[in-house]
Amino acid sequence: MILNSSVSSVINTTCSSRKTPPTSRNQLSINEQLCGGKSCCCGSRRHFIEGAATALFPLVYSSTPSSASSPSDSMAMLNRLHPPRPDWYEEFYASVMNSSMKSYEAEVAGYKSQLFDNLRGKAKKVLEIGIGTGPNLKYYAADTDVQVLGVDPNRKMEKYAQTAAVAAGLPLTNFKFLQAVGEAIPVSDASVDAVVGTLVLCSVKDVDMTLQVRRVLKPGGIYLFVEHVAAKDGTFLKFWQNVVDPLQQIVSDGCHLTRQTGNNISEAGFSSVELGNAFLSNASLISPHVYGIAHK
């Protein structure tokens, strides 16, 4: 969840890998960096997941943590981490997200255009976690042969994401929506060219488990991310983030204000991470962002 904001500047862009400690990361320009409910029964929900995912992406049935979850495992995790909400709540939240994020998306459009240019003509199969209402689709769905699997725990997001796909020029035959949480996605290992996640790691239950989604990337695949994070320690903004964080989680569907998501991504096992920091001057409690590209 994010509030309306304006992007004022981009600061301290860095390039890092697991072999390079944060204290020695080289400073890079942005161009250098970017180029390189009402629930149904378990049985019917399981069939929904199977049908949605298998249309574009293969499933793997395995009990090992490093492999893909089966549809039943994925549904069990969904029900545990994101218990069924009333239909009115899911619809209300989806509607609010669809309408309230437009000004924010307009303000970050230039930045996202540069970031998602890395997918054009290169990624044929894309998995987007926390797809929500589909605001990112317009940046990479224009390729006629791209196939997209959008994952979100709120099933009411589907109709909005479908509308966004059509508006982006993506045939619905090339787009599937899967109700699932990022911690357990029933997609096979090494099966997609790219994973996309923006403003999602703030609200998942387990950030590190969600980042295990790197397993679905083919060798050389990339993970694109944009996330809001905690302000620097000792700042007035960080003080207020600590004060408001419990309330934020309640009213914003689990959104945390004090996570150090950049550290999680850098330590998630990717071969390299190009990590940048952005300051959003009018974004109130969520002004610091991290963004970039992680390579498998």
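The values are calculated or read from the model by the stated rules, or taken from the named source; none is laboratory data. Since the structure is predicted, the reported quantities are computational estimates derived from the model, not experimental observations. Cβ sites come from the backbone with ideal geometry, for glycine too, and all protein chains shown count toward neighbours. For the accessible areas, the whole protein counts, side chains as well, though only heavy atoms, and no ligand, DNA or RNA atoms are used. Shrake-Rupley method; radii C 1.70, N 1.55, O 1.52, S 1.80 Å.
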Practice problem: Any chance you could look up the accessible area of residue 145 with a 1.4 Å probe, heavy atoms only, rounded to 10 Å²? | Solution: 80 Å²
Self-check item: lysines whose Cα lies under 30 Å from that of residue 122, excluding same-chain neighbours fewer than 8 positions away
Solution: 19, 102, 112, 138, 159, 176, 218, 296
Quiz item: With every protein chain kept in the model, how would you rank 115, 81 by accessible area, 1.4 Å probe, largest at the top?
Solution: 81, 115
Exercise. At 7 Å along the Cα-to-beta-carbon direction for both residue 73 and residue 239, put a label point, then send me their distance in nm to one decimal.
Key: 4.7 nm
Quiz prompt | With all protein chains modelled, accessible area of residue 247 [1.4 Å, Å²] | solution = 100 Å²
Practice problem: Find the relative contact order for the stretch 98-250 and round it to a whole percent, using C-alpha pairs within less than 8 Å whose residues are 6+ positions apart. | Solution: 21 percent
Exercise. Ignoring everything but the protein chains, give the 1.4 Å probe accessible area of residue 85 in square angstrom, nearest 10.
Key: 60 Å²
Practice problem: At 1.4 Å probe size, with every protein chain present, just tell me what the per residue accessible area of the stretch 61-166 comes to in Å². | Solution: 42 Å²
Practice problem: At a 1.4 Å probe radius, which order do 232, 112 fall into by accessible area, largest first? | Solution: 232, 112
